[in-house]
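A.B. asks: Pasting a structure below so you can have a look.
Coordinate-derived values only; no laboratory data. For clarity, every value in this text was computed on a predicted model and none was experimentally measured. Note that we place each Cβ from the backbone using ideal geometry, even for glycine, and neighbour counts take in every protein chain shown.
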Amino acid sequence: MKYIIGNWKMNLGVRESVALARASLLLLRGKKVAPEFIICPSTIALSEVRKVVARSGCRLGAQTVCYEEQGAFTGETSARMLAEVGVTHVIIGHSERRNLFGETDELVNQKVLKVIEHDLNPILCVGETQTDREGGHAKQVVTHQLAMALKNARPKFSETFCVAYEPVWAIGTGVTPTSQEIIEMHSHIRSVLNELFPTAPETAFAVLYGGSVNGENAYRFLREKEIEGLLVGGASIKIHQCKEIIEAACQVLAAQSS
Ligand code: PGA
């Protein structure tokens, strides 16, 4: 399977989100083999977008969640509330949340636990900064992020658990690692996950790549078996780009199944 996850970030209002969701759905139409497609609109658009994607091949993700169950947490949205509006996946640990909103590894861990408790699927983001990479610490940083985020986690693995490798320096910059560099990090992530969850089957996790993915480079990444999907930011709200990404995934899947 290949995953295509669209992180729409804080770009579209409710009406625009509904329109993009409709257009995104059409991208799957008539496809015999299609990727697992998850769109993540802003929180305010979730319930309207749900009406569009209900009973379609497209699923609904949230961009963040509160670590607490309920109560005096002004401005936050709980996992229960997200589940109520049809959300199945939640992005956790995105570098923008970590860097702009001060989310720590401990908080990321609390969110992962909360989401699992509510039978939602985390899309856990990890990735090093430019400085980490230049200092030769990329793998060490990612190992630490994974170990912290997954501390005490008992995923049920009723669905595949997505981990997205998103090097901070590649997000929104137009710069990407080479496929070889991504594969190397993905193998590392797999080995850390194996150590953390020694009894989990191989299909329990999917390791995705994110950072400056677009219609042009998607196929190059997706054709690698170690890259099990893409977390797409900017290009996911440009329908022609999104179309190329979905088509690249369909092409790879069709080739695999033939
Ligand atoms: P980008 O963002 O595709 O715009 O680089 C990726 C992300 O933030 O998940």
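A.B. asks: Please report the spacing between the Cα centers of region 82-161 and region 19-71 in Å, no decimals.
C.D. replies: 20
A.B. asks: If you take every residue apart from residue 235 with its C-beta less than 12 Å away from the C-beta of residue 235, what net charge results, scoring Lys and Arg +1 and Asp and Glu -1?
C.D. replies: Summing Lys and Arg as +1 and Asp and Glu as -1 gives +1.
A.B. asks: Which is the longest run of the chain containing none of the trypsin sites (Lys or Arg not before Pro) found in DSSP loop states (not H, G, I, E, B) with at most 16 other C-beta atoms within 10 Å?
C.D. replies: In the chain, the maximal stretch lacking such sites is 56-150.
A.B. asks: For 209, 165, which order do you get if you count the other beta carbons within 10 Å of each Cβ and list the fewest first?
C.D. replies: Ascending number of Cβ neighbours within 10 Å: 165, 209.
A.B. asks: Indicate the gyration tensor shape class of the chain (rounded, prolate or oblate), computed on the Cα atoms with a ≥ b ≥ c the square roots of the eigenvalues: a/c under 1.5 is rounded; otherwise a/b larger than b/c is prolate and the rest oblate.
C.D. replies: Rounded shape, in that the Cα axes give a/c under 1.5.
A.B. asks: Set the bar at 25 Å for Cα to Cα. Now go through 2/243; 111/225; 2/156; 9/156; 32/243; 31/51 and name every pair that lies beyond it.
C.D. replies: From 2/243; 111/225; 2/156; 9/156; 32/243; 31/51, over 25 Å: 111/225; 9/156.
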